[in-house]
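Structure, as structure tokens:
The values are calculated or read from the model by the stated rules, or taken from the named source; none is laboratory data. What you are looking at is a predicted structure, and each value in this text was computed from that prediction instead of being measured. Methodologically, a virtual Cβ is constructed for each residue, glycine included, from the backbone with ideal geometry; neighbour enumeration extends over all protein chains shown. With ligands, DNA and RNA removed, areas are computed over all heavy atoms of the protein, side chains included. Shrake-Rupley method; radii C 1.70, N 1.55, O 1.52, S 1.80 Å.
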Amino acid sequence: MKYNWLGPLLRSLLAPIAVGLLLGLFLGDYGWSLSGGLAAYLAWNLYQLIRLHHWLKTYQPDEPPPDASGLWGEVFDGLYNIQRRDQRVRGRLQAVIDRVQESTAALKDAVIMLDAEGNLEWWNRAAETLLGLKTPQDSGQPITNLVRHPQFKTYMDQSNFSASLELPSPLNDRLYLQVQITRYGNGEQLMLVRDVTHVRQLEQMRKDFVANVSHELRTPLTVIAGYLEPMLEHADEVNPRWRRPLQQMQQQAERMKNLLDDLLLLARLEANDNQQLRQPVEVEPLLQAIVKDAQILSGADEHRILLDAEPDLALKGNEAELSSAFSNLVYNAVKYTPPGGEIRLRWWSDRDGAHLSVQDTGIGIESRHLTRLTERFYRVDASRSASTGGTGLGLAIVKHALIHHNGRLEIASEPGKGSLFTCHFPATQLMEGRALGNAS
Ligand code: ADP
């Protein structure tokens, strides 16, 4: 909008000129009277300017600008209106902030705002009860100084927060917390902390239940299998009508035993998840023994089982766990490869660590199943697995045994062509003194 400056100029000059002229009429000297009027006007202007300066210097949001008449009055009124508008906007913003703070304070989950360096900026009440943060003395402190769990420090040092972290509360180690961090703005971090003690207890109850049931079922099963064995050994003394049912009972008892063994092994693996493994495990002899057993399992199917293993390449770990992981992969290759097929085992190291691959020329697996294969009891084809005597727990055991050794399982497969299962172990899992990368 175009500002019309002529009107205010004339209005403000009109009064001093009129007063000067009037004085000149009385005193008879227009020149001095006019100058005197303008000088008085200038002094008044300076006075108003100083009042404005003082008001600005000592500005208080609740203190209105000074009062005046004329052009200065309009300026002060304008400032007053801006001040009121500002106060209203500020009030509205404060109300929004208060509401957000009230709602986050009422949250059971802790909400913590950290700056880009990981220093505390703001947190809600739950952060005080879950993590023991103290208001206001902890403000500006690095969060890693206040939550001193080593896993938390490692989690904060890494830049990838896609996964959450579970750790005991620094105030009470019976309380389990789940921490999730999201980055926003210029590297600031929003940290959400949830009490997951109940979920963990349920998870533990599930694990204990499975382990206890498996354990309790073992004794009656041993008794049943124990009676069946001599009965079948003296099959000629048994009524011929009962021979076949007895054989089937023995087969199913064997299957149940395998299932219970696998469930117990899985329970043990889960219970040991956090334990460090340091025992040296010579992998080449272990694989040789597995190949021998696999050849026996193959029997009349006469699979060609080839082993190419780097000697003296040892892992830090638990031999029994590694043996069940590797044998599950090799026995699966035998089970799911038609007679005469080829199974290749390769154990080697490179800069990334050590690797074991089990490749077969078997029936293969459709790609849609690959991501779910390591789930408990997941089977591509239930009827086919039942005929091979599988429990559906083999690959779950492999996965957990590898996790326990900081490793991971990679699966590639093509229906009709065969499958490739590769276990990857990081270099840190190798026994010290091993030069990496000297094998192809
Ligand atoms: P199972 O005891 O049924 O073999 P696993 O957990 O060992 O259970 O394997 C899960 C499923 O993965 C199997 O049912 C089978 O369908 C598939 N599978 C595993 N290994 C192979 C393989 N080498 N070739 C083809 N399919 C496989």
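Summary table
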| quantity | calculated |
| --- | --- |
| Boolean, Tyr227 is outside any strand (DSSP E or B) and open to solvent by less than 50 Å² (accessible area, probe 1.4 Å) | no |
| Residues of the range 70-92 satisfying the condition of being over 51 Å from the mean Cα position of the chain (by Cα) and open to solvent by less than 80 Å² (accessible area, probe 1.4 Å) | Gly70, Leu71, Trp72, Gly73, Val75, Phe76, Gly78, Leu79 |
| Residues that are more than 12 Å from the ligand (Cβ to nearest atom), touching a Leu at 6+ places or on another chain (Cβ under 8 Å), aliphatic (A, V, I, L, M) and within 30 Å of Thr428 (Cβ to Cβ), drawn from the range 293-347 | Leu306, Leu307, Ala309, Leu313, Ala314, Leu315, Leu322, Leu345 |
| Subset of the range 349-381 [among the aliphatic types (A, V, I, L, M), within 12 Å of the ligand (Cβ to nearest atom) and more than 16 Å from Lys417 (Cβ to Cβ)] | Leu373 |
| Any hit, the range 324-346, residues being open to solvent by 70 Å² or more (accessible area, probe 1.4 Å), farther than 18 Å from Gly416 by Cα and either modelled with pLDDT of 95 or more or in contact with a helix residue (DSSP H, G or I) (Cβ under 9 Å, 6 or more places away or on another chain) (or both) | yes |
| Residues of the range 173-194 satisfying the condition of being open to solvent by 80 Å² or more (accessible area, probe 1.4 Å), under 20 Å from Pro150 (Cα atoms) and in contact (Cβ under 8 Å) with a residue 24 or more places away in the chain | Arg194 |
| Residues of the range 351-372 classified as part of a loop (DSSP other than H, G, I, E, B) and under 30 Å from Met431 (Cβ atoms), total | 2 |
| Test set (1) touching a Leu at 6+ places or on another chain (Cβ under 7 Å); (2) over 25 Å from Asp360 (Cα atoms) - Glu233 fails condition number | (1) |
| Residue list for the range 394-424, filter: surrounded by fewer than 22 Cβ atoms within 10 Å (Cβ to Cβ), out of contact with any Gly (no Cβ under 7 Å at 6 or more places or on another chain) and part of a loop (DSSP other than H, G, I, E, B) | Asn406 |
